[in-house]
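Have a look at the structure below, then the notes.
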Amino acid sequence: MTTDTLTDAELRDLKALVAEMIPASMTYEVPGADDEAIFADIVKSLERDTADARTSLRLLFELGGGSFADLDAAHRHEIAATFKVQGGAALFALNRVVLLCYYRDDRVMRSLGQEPRSPFPKGHVVEQGDWSLLDPVKKRAPFWRRM
Amino acid sequence: MHDKVDVLIIGSGASGAAAAWSLADTKMRILCLEQGDWVKPTDYPTNGRDWEARLFSDFAINPNRRNRPTDYPINDANSPIKVVNFNGVGGSTIMYTAHYPRLHPSDFRVKTLDGVADDWPVDYQTLEPFFAENDRMMGVAGLAGDPAYPLHHPPMPPLPLGKSGQRFGRALNSLGWHWWPSDSAIATVEYDGRAPCINLGHCTPGCAQGAKASTDITYWPAAIRAGVELRTHARVREITVGPDGMATGAIYYDAEGKEHFQPAEMVIVACNGVGTPRLLLNSTSAKFPDGIGNSSGLVGKNLMFHPFALTYGYVDEPLDGNHGPPLNLWSQEFYETDRSRGFVRGYTLQLHRGTGSIVEAITSTLAGRLPWGEDHHKVYRGLLNRRLGMSTITEDLPEEHNRVTLDPVIKDSNGIPAPRIDYTMGENTRKMMEHGVARSKDILAAAGATNIGVEAPILNGGWHLMGTARMGTDPERSVVNEWGRSHDVKNLFIVDGSIWVTSGGVNPTSTIQALALYIADSIKTRLSEGTLFE
Ligand SMILES: Cc1cc2nc3c(=O)[nH]c(=O)nc-3n(C[C@H](O)[C@H](O)[C@H](O)COP(=O)(O)OP(=O)(O)OC[C@H]3O[C@@H](n4cnc5c(N)ncnc54)[C@H](O)[C@@H]3O)c2cc1C
Ligand code: SF4
């Protein structure tokens, strides 16, 4: 496990990258993953994935020939698409942290019709359902193999 | 030096807990050494907003990722299936999903019926009273009358069908295939002081409600009340032997890394299908240079996993999502041998509810289904809570080259050599898995699901660990006898999944525990007869 933190330059590139991954949407009225609160959560949550994040950002830097954040928008889209294909396991680890933080944001959860809370202690309701569906199976003769 | 105990149990998981409880009524002095700690209900992920995130950190199912001080590393590089477990009071039941089928009668007779592997030296009928006792102790929900099984009566009503269950039920009915509410080790009503399930839907990394039957809340409170001592943070390095070749006790490390010797009249190993061979192989002496109890050379060999295939799709309406225990139905349509399928033996189809919203986003990203950019939101909303999935649980046949050995380099935090896994999936299993995936696709199509995904075998799917210290009557072809005693060391017993002869095609814990109760009962009978060590 590494407890290293990213440099300011890496953080700038990361912020630009997460905005490519999940941009804000007017249609769904949700922030992007580069929203201040969500991004702060992402940075805090990198923890044991920091080394993979750093590996990913290095590749991103190489693909863009410099800082990803400094590229113009069109160029960023293009590099991000290549990076998505080439990033491998390290990028997946980084992408996972982004998703973990994005989808637990209150605003995002509400937009999905979810209550922003922990599952315990309130729990959830699951309907019993129509048990008569089982009737045809109940009529079947035992079919386990007898010795 | 500690006082000598009558019975030393190593490992407090599914089997160790059952054996400890059963033996407690002998009034012998019983001690269990467990390398991990108790998990408090307030520690479980569903207490917090980061409940899904913790599946990837301190509640990851893979111990190499989880990396708690109480875990040991496992070299799994040479296996397409990675070992997953939990090390603590309750063992891997802390992390299991509590899907709780029994082996079928035919599973104990595969040589006779199908000409493969070996028959077991015990049968379903012998285990039947122990299955029933275990169901009562763990608290099992289900429905009597499943035509795929001999009649038995789970003590609690089944888990709710929910939306996904009804969709599956209709689909399977349209195909004319078997399905049934699963036996589940989950309380659906108040049970023995345990609160009923409130559908938190995240059973695998631990149940904050205490509805899921992990052995820290089932067997252990009863065993401790009956006088058994459970010593945590006690990691056993080796089982020791005396000049007469009998086990004398165990050497272990405490939380501070201090070495202790615990003497005992008899030793019962319950460290699971990987931890047990590791411990036996680490227990070398002049008498047992290749590891204690290993005169057959079979300790660590014949590792079986139940390779799992996950097949899933998406329907056009929201279902239960992750609400409710994730596994509530099974189909045994393809369980018993039908040679026209091109393989022998068979598999269970375990029918799933959906996943949590973040796990959906993660798995869909990995599968290339969820894009980056503007479209992300639209595509995600078309996936969320619409997943229907099922896993094929294949019967894995024993093959000696699939094995647990000691890694020459990697050690745990106490310097004890770690296990190394060498495993490849057999041809029969591969064909069975293909068949299971094809039939799963049929079911999904009948349920109106599209956008089908498959993970076969599931990478982090080494949750069922069996076969590495197999039972049998022939000391040259097995490690323990028909009631769990080592052929070589007459006061050494094994009660966990290592003793399985073949794997069957169901989740194993119910049968592991029934076997542990049966072995404990055999010990008690022979103790009273004075023949235990003969
Ligand atoms: C994610 C997951 C999901 C699962 N889902 C299901 C399911 O739905 N249904 C099902 O039937 N099964 C399921 N299982 C499997 C189930 O948990 C195991 O079959 C069962 O717990 C095995 O019991 P056991 O007694 O053999 O070993 P375990 O329960 O693994 O217990 C072994 C114990 O021994 C301890 N130990 C090991 N080595 C040492 C040592 N050297 N010194 C001291 N202590 C030691 C360990 O810390 C551990 O506590 C699942 C498992 C996992 C991980
Ligand atoms: S679904 Fe039920 S058993 Fe599973 S974690 Fe929630 S309360 Fe516990």
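The values are calculated or read from the model by the stated rules, or taken from the named source; none is laboratory data. Computed from a predicted structure; not experimentally measured. Here the Cβ positions follow ideal geometry from the backbone for every residue, glycine too, while neighbour counts run over all protein chains shown. Keep in mind that these areas ignore ligands, DNA and RNA; they rest on the heavy atoms of the full protein, side chains included. Shrake-Rupley method; radii C 1.70, N 1.55, O 1.52, S 1.80 Å.
Odds and ends about this structure:
- For the listed peptides B:207-214, A:124-131, A:42-49, B:382-389, a ranking on the average number of other beta carbons within 10 Å per residue, highest first, reads B:207-214, B:382-389, A:42-49, A:124-131.
- Descending by average beta-carbon neighbour count within 10 Å, the peptides B:315-325, A:8-18 line up as B:315-325, A:8-18, the highest first.
- Spin-label pair A:Ala9/A:Ala37, simplified geometry with 7 Å Cα→Cβ offset, distance in nm: 3.3 nm
- The stretch B:201-351: C-alpha gyration tensor shape, a/c 1.5 cut-off, then a/b vs b/c: oblate
- More than 15 angstrom apart: percent of Cα pairs within the stretch B:83-168: 71 percent
- Sequence ranges B:147-158, B:232-243, ranked by mean other-Cβ count within 10 angstrom, highest first: B:232-243, B:147-158
- In order through the stretch A:69-77: 3J(HN,Hα) via Karplus (6.51 cos²θ - 1.76 cosθ + 1.60), integer Hz, x for Gly, Pro: 5, 8, 6, 6, 4, 4, 5, 4, 4
- Heavy-atom accessible surface that A and B bury in contact, both chains counted, 1.4 Å, Å² to 100: 5600 Å²
- More than 20 Å apart - percent of Cα-Cα pairs taken over the stretch B:1-64: 48 percent
- The simple Förster model, with R0 at 51 Å and r as the Cβ-Cβ distance, assigns B:Ser174 and B:Arg477 a FRET efficiency of 0.65.
- Shielding of A:110-118 by partner chains, average beta-carbon count, 10 Å: 3
- Radius ratio Rg over Rh of the protein assembly as shown, counting only Cα atoms, Kirkwood formula for Rh: 0.98
- Taking a ≥ b ≥ c as the square roots of the eigenvalues of the Cα gyration tensor, the stretch B:135-182 is oblate, since a/c reaches 1.5 or more and a/b is not larger than b/c.
- Considering all C-alpha pairs of the stretch A:8-116, those separated by over 23 Å amount to 25%.
- For the stretch B:70-223, the convex hull spanned by the alpha carbon atoms encloses 182 Å³ per residue.
- Nonlocal amide H pairs with B:Val241, under 5 Å, H built at 1.01 Å: B:Thr248
- Short-range pairs are left out: with C-alpha atoms under 8 Å and at least six residues apart, the relative contact order of chain B is 23 percent.
- Site pair B:Ile452 and B:Ala255 shows an inter-label distance of 5.2 nm when each label is modelled 7 Å from Cα along Cα→Cβ.
- Put simply, the amide H of B:Ile410, placed in the peptide plane, has neighbours under 5 Å in B:Ala418, leaving out anything fewer than 5 places away on its chain.
- The modelled label-to-label distance for the pair A:Glu47/B:Gln125, using points 7 Å beyond Cα in the direction of Cβ, is 5.3 nm.
- Here the 3J(HN,Hα) profile of the stretch B:346-356, calculated from phi with Karplus coefficients 6.51, -1.76 and 1.60 at θ = phi - 60°, is x, 8, 9, 9, 9, 9, 10, 7, x, 10, x Hz, Gly and Pro shown as x.
- Shielding by partners for peptide B:318-325, expressed as the average number of C-beta atoms from other protein chains within 10 Å of each residue's C-beta, is 3.
- Between A:Ser67 and B:Val379, the FRET efficiency from the beta-carbon distance, with R0 = 35 Å, is close to 0.75.
- Figure note: B:Ile393, B:Ile61 ranked by solvent-accessible area, largest first, 1.4 Å probe, ligands and nucleic acids not counted: B:Ile61, B:Ile393.
- Dipole moment magnitude, nearest 20 debye, chain B about Cα centre, only Lys, Arg, Asp, Glu C-beta charged: 940 debye
- Largest accessible area first, the residues A:Trp144, B:Trp180 order themselves as A:Trp144, B:Trp180 under a 1.4 Å probe with ligands, DNA and RNA left out.
- Probe 1.4 Å, accessible area per residue of the stretch A:8-116, Å²: 46 Å²
- Among B:Lys411, A:Lys122, the order of accessible area from largest down is A:Lys122, B:Lys411, computed with a 1.4 Å probe on protein heavy atoms.
- Most mobile of A:Thr55, A:Thr82, A:Thr27 in a GNM of chain A (Cα contacts under 10 Å): A:Thr27
- Derived scalar couplings between HN and Hα for the stretch B:497-508 equal x, 4, 7, 5, 8, 9, 9, x, x, 10, 4, x Hz in order, rounded to whole Hz, by the Karplus curve 6.51 cos²θ - 1.76 cosθ + 1.60 (θ = phi - 60°), x for Gly and Pro.
- The sum of -39500 (n - 2.57) across all DSSP H runs of n ≥ 4, divided by the residue count of chain A, sets its helix-only mean residue ellipticity at 222 nm to -16000 deg cm²/dmol.
- Overall form of chain B per C-alpha gyration tensor (a/c, 1.5; a/b vs b/c): prolate
- Area accessible to solvent at B:Arg68, 1.4 Å probe radius, in Å²: 60 Å²
- Taken over the C-alpha atoms, the stretch A:1-58 has Rg and Dmax values of 12.1, 39 angstrom.
- Computed [θ] at 222 nm, deg cm²/dmol, chain B (DSSP H ≥ 4; -39,500 (n - 2.57); rounded to nearest 500): -7500 deg cm²/dmol
- Under the Debye formula (equal points on every Cα, no solvent term), log10 I(q)/I(0) of the stretch B:278-401 at q = 0.10, 0.11 Å⁻¹: -0.56, -0.63
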